[in-house]
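First the structure, in the form of structure tokens, and then the observations on it.
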Amino acid sequence: MNRLQYYCAIAAVAVLAVFATFAHAQDEPRWTHPELKWNTIETEHFFVHFHEGAEQTGKLTAKIAEDIYKPITSLYGYEPKGKVHFIIIDYDDFSNGSAYYLDNKVEIWASAMDFELRGTHSWLRNVITHEYTHMISLGAARKITRHIPAAYVQWLGYEDEKRPDVLYGYPNRILSYPLPFTVMPPWFAEGVAQHQRPELEYDLWDSHRDMLLRTAVVENKMLTYSEMNAFGKNSIGSERVYNQGYSLSSYIARNYGEASLQQIAANMRSPLRFSFDSAIKKATGKSGGQIYDEWKNHLQEAYAQQLREIQAHAVTGELVQAKGSGNFYPRWSPDGGKLAYLSNAGADYLGQTSLVLREGVGGKDKLIKAGVHYAFSWSPDGAQLAYSRKSEKNPHHSVVYDLYLYDIKNKKEKRLTHAARAHSPSWSPDGKTLACVLNGDGAQNIALYDIAANQLKIITSHKTQEQAYTPQWSPDGRQILYSYSHARGRSLRLYDVASGEITPVNLQHSTNGESSGGKPTDARDAVFSPDGQKIYFSWDVTGIFNIYSYDLATQQTAPLTNVVGGAFMPSVNRDGELAFSTFVAEGYKIAHLKTPQPVSPEVTQYLPSPDSNIQLAAVNGDLAHLNLNGIKHGAYDDKQIPNFEVKPYNDHYSAISILPRVMMDYGTVKLGSYFYSSEMLNKFSFIGGAAINRDKDYDLFLLVDYDKLGPSLFLEAYNQVRHAGADGYDFLYNLTEVDLGTRRFWNSQHLSQLSFIYSRYNAKISFVDRGLKQSFPYTYYQGKALAFRHSFHQRARAVDGDINPRMGREIELRYTREFNDFINSDPEKAFTLTDYGTFVENYEPHNVHRVELDWTERLPLPGRTGLTLYGRGGWLDREVDSFFYFFAGGLDGVRGYPFYSMEGRYLLHGRLTYRFPLFRHLDLSLLHLYLDKVYFAVSYDYGGAFTKTKGFSDKLHDSVNLQLRSELFSFYGFPTRVSVDAAYGFDEFVVRREGFDPLTYGKEWRYYLTVAFDFLDN
């Protein structure tokens, strides 16, 4: 990366940081899928865009969006200008929603959410209302127009040391800091998005949400008020931001009036209000911290009352796997001697599960396969395991689930399906067929996979958001048991293989003589007993998930556990031992009951919450006028979809967003702005920037991406103008570079880029001769180049993966064929006087092959410490002017020496870094800053640049670098990464340039500072 690109890359990161901050969702790698045809439905308030294969979800989205428009906008007294765009995506097996507030669009992934920390609701109604609430609540809180989302304060400082032919040294101090114009902490943004319009009941405080909060309160693991103000946690911690935000927002609505939610958001419109606490206090009379303490005390008292009987008569089993936060689906082998399950032990996120196997309940875990998700199954003979995992080795790189077999003895995996979107396999007793779940267009169906014939056959006819889960064969092979949902909760069903008849399992639970069988509940994870006489399942009929048995002959139901958290995913072996997944405050663990016995239903009672009968203190809008009765839960009929007019998609673009900036650069103040826009399907986007100072020095850049053809096409243009003066001469330098090329992702780890680069560096000398101003313009460099770059990026996700990346590998190879015309280095030969009395430049060719390689290895060490080995090399195939050399010092190189102190045709540089935590979790708030992590690193650098290979080791120098890194959040949602470095060069050496005094480097401390959206180094 040359100096122009480096300068502008920092700017581009700043722009993208703003848009990433206001995108309320989790990002996933994805492809642009040019093979898909897109269509559009336009309604009164929305555009809905969907691709082929997602027609039903797209039409239903249009209906739901209009249903909730008035209820949500009236809640905040705010209606957006222009129509919001909904983008429906169903080419990957991924479930989420994303509110891109600044782009005025919402992305919805059609697959219904099946997340271990959330209950089951009507997915589309819930997620559409949730994301649209983000759009409205953020709009109600913004200080100025949405098209100016933030401003930036920036500073670039430079090394004092430089080459004689450059104006400034290399950057050693980089600061880019935002001042946002929409400020809202995530707990409130996500809390009100879940609170929605509670009268609609699209989202509600279900058993999973209560479980997550209940265990945190009982085990004293609640997030503090300041912890709720930022994400950046593991799966459990980040979900608690949602969870506690939902509970706290609802508490404020109940106790201070639902109008207070609108007022809090409206208070943040004040141009000078950046403290959310002050907005809460103005609306309620109390600070956020005071209300948090009230709410926490209320929860502690309420849960202590509700859990009296349960805690006194707990049946929890013995924990046999307590490591990790995500341990799921324990499954006994057919002979009952082995136990397999999914576990994320050693990882931070629930999605990082692997399939492991152990002998009995106390054996040592043996890794079978990483990346396995959902339920899996043993073969009848116990020799193989069937499971599902995601793969991107599919047509058009869709990331979807497929079925696999694993031979335990031979340790070999066999892929069964390709792009089938199949998961949760269950092996038939005869070993010939797998029952599984198929996903598509927002619905999930049960299918049968014939192993020998390699064929899938769908056996249910679910449409319009109907869902099926975890099919299980009966031991006699005559029935398939599964969970079913169409809106809220889940029920159990039996499918008769011979007739195709589906029969609901009529569960009854009796407490104190009263039947609660008709109550909407969630029954899931059902399996047969080995003899086929009973069903074991997880049920939340009391408000807490416990394991139950159901006798198929007597239809009697009995609880087998009595836990404070939740008990899920049972498996019973032929000796009657019960293994299950149990939830505690730190996550899901594997528990074991050797001889499970029925528990008296009376002691499993989860007593009613004191809040259960509390009505909202106040509401906004005329609910009678809104007529919510026709669209609330239980009243709508989403199988009836209006006959919308569907048209082929035409490009729609977001309005151009502008981010003003003030920048201190080489001692001058520059004023300018960034600007950004994109096409709604991300097929075209651009980021640009401009800044100028009083001397008319300016910086311009434009980055354009076009993604309609498969490989991305890109255009990058850079232009800088600088003025300087010396000895009565004024100098103007105008540097321009244009890159045109294409990029291709081969998969999520490999990226190739091919580009053509044109460079032109102009200069003008001005002076006064005998009272007349004279000027002499010329071009001192013209370059054309063909450049190829291939990169490999593999890094394990971790809570501290940004501040301390400990596992992974990154490789980048760059080859450039340069055709350089550089003005003759001899001043007397640099120009020729023509017959017309003008001067023309004389150029020397400096055509060269340039090869560069960067390689990083990251190795984890105990205690969340890490060792990073970094190496880079460079080679020029011939001698060229030093203008084209490699440079080995400074922030990017051997930091104990200036950037320009080591130069040459060859580059060698190695770095060994040991990084360790000083504070893994500080939880410290100061004004608008939240400080979470602080790490320290010691690095040893050895390297240099040289022009001759003989005796090159004399040109290699070493240094030590001490680095303090901190991970902060600014204004609740803006990641702020700070690095302070002190480096000492052990060697002292002298650099001599013809016509200049010799310079001595080394044996001194050098300092570096970066403040940005992300860390800028290894």
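Things to note:
- Virtual spin-label span in nm between Lys364 and Leu272, 7 Å along Cα→Cβ: 6.7 nm
- Heavy-atom accessible area per residue - the chain, 1.4 Å, Å²: 41 Å²
- In the chain, helical runs assigned H by DSSP with n ≥ 4 each contribute -39500 (n - 2.57); averaged across all residues and rounded to the nearest 500, the mean residue ellipticity at 222 nm is -4500 deg cm²/dmol.
- When a 1.4 Å probe is rolled over the protein heavy atoms, the share of accessible surface on the chain that falls to carbon and sulfur comes to 54 percent.
- The length gained by stretching the chain between Val603 and Thr668 to full extension, at 0.36 nm per residue less their Cα-Cα distance, is 16.0 nm.
- In plain terms, the bigger the Kirkwood radius, the slower the diffusion; for the range 317-598, with that radius from Cα pairs, at 37 °C and 0.692 mPa s, Stokes-Einstein puts D at 173 µm²/s.
- Computed FRET value (nearest 0.05) for Gln305 with Arg415, which takes r as the C-beta separation and R₀ as 45 Å: 0.25
- Shape category assigned to the range 330-441 from the gyration tensor of Cα positions, a/c cut at 1.5: oblate
- Using R0 = 25 Å, the C-beta based FRET efficiency linking Thr834 and Phe767 works out to 0.70.
- Ordering Leu248, Leu931 by accessible surface, largest first, gives Leu931, Leu248; the 1.4 Å probe counts only protein heavy atoms, with every chain in place.
- Mean Kyte hydropathy of 0.5 or more with a Cα span along the axis of at least 18 Å, helices from DSSP in the chain: 3-21
- Isotropically averaged projected area of the range 699-766, using the convex hull of Cα atoms (one quarter of hull area), nm²: 5.9 nm²
- Ellipsoid semi-axes in whole angstrom, largest first, where each is sqrt(5λ) of the Cα gyration tensor of the range 772-848: 49, 16, 9
- Within a straight-line Cα-Cα reach of under 20 Å, Lys286 can be paired with the following aspartates and glutamates, leaving aside sequence neighbours fewer than 8 residues apart in one chain: Glu227, Glu258, Asp277, Glu294.
- Multiplying the residue separation of Phe916 and Asp997 by 0.36 nm and subtracting their alpha-carbon distance yields 24.9 nm.
- Orientation-averaged projected area, Cα convex hull of the range 139-245 (nm²): 11.7 nm²
- Geometric extent, Cα atoms of the range 651-691 - Rg, Dmax (angstrom): 13.5, 44
- Separation of the range 161-192 and the range 40-117, taken as the distance between their Cα centroids, equals 32 angstrom.
- The range 58-216 - Kirkwood radius from inverse mean 1/r over Cα pairs (Å): 18.5 Å
- Cα gyration tensor shape for the range 659-743, rounded if a/c is under 1.5, else prolate or oblate: oblate
- Along the chain, longest interval not containing exposed chymotrypsin sites (Phe, Trp or Tyr not before Pro), exposed being DSSP loop plus at most 11 other Cβ atoms within 10 Å: 1-835
- Fraction of the pair-distance distribution of the range 87-177 above 19 Å, Cα-Cα pairs, percent: 62 percent
The values are calculated or read from the model by the stated rules, or taken from the named source; none is laboratory data. Computed from a predicted model, the values in this text were never measured in an experiment. Every residue, glycine among them, receives a Cβ derived from its backbone with ideal geometry; neighbour counts consider all protein chains shown. Surface areas here come from the heavy atoms of the whole protein model, side chains and all, with no ligands, DNA or RNA. Shrake-Rupley method; radii C 1.70, N 1.55, O 1.52, S 1.80 Å.
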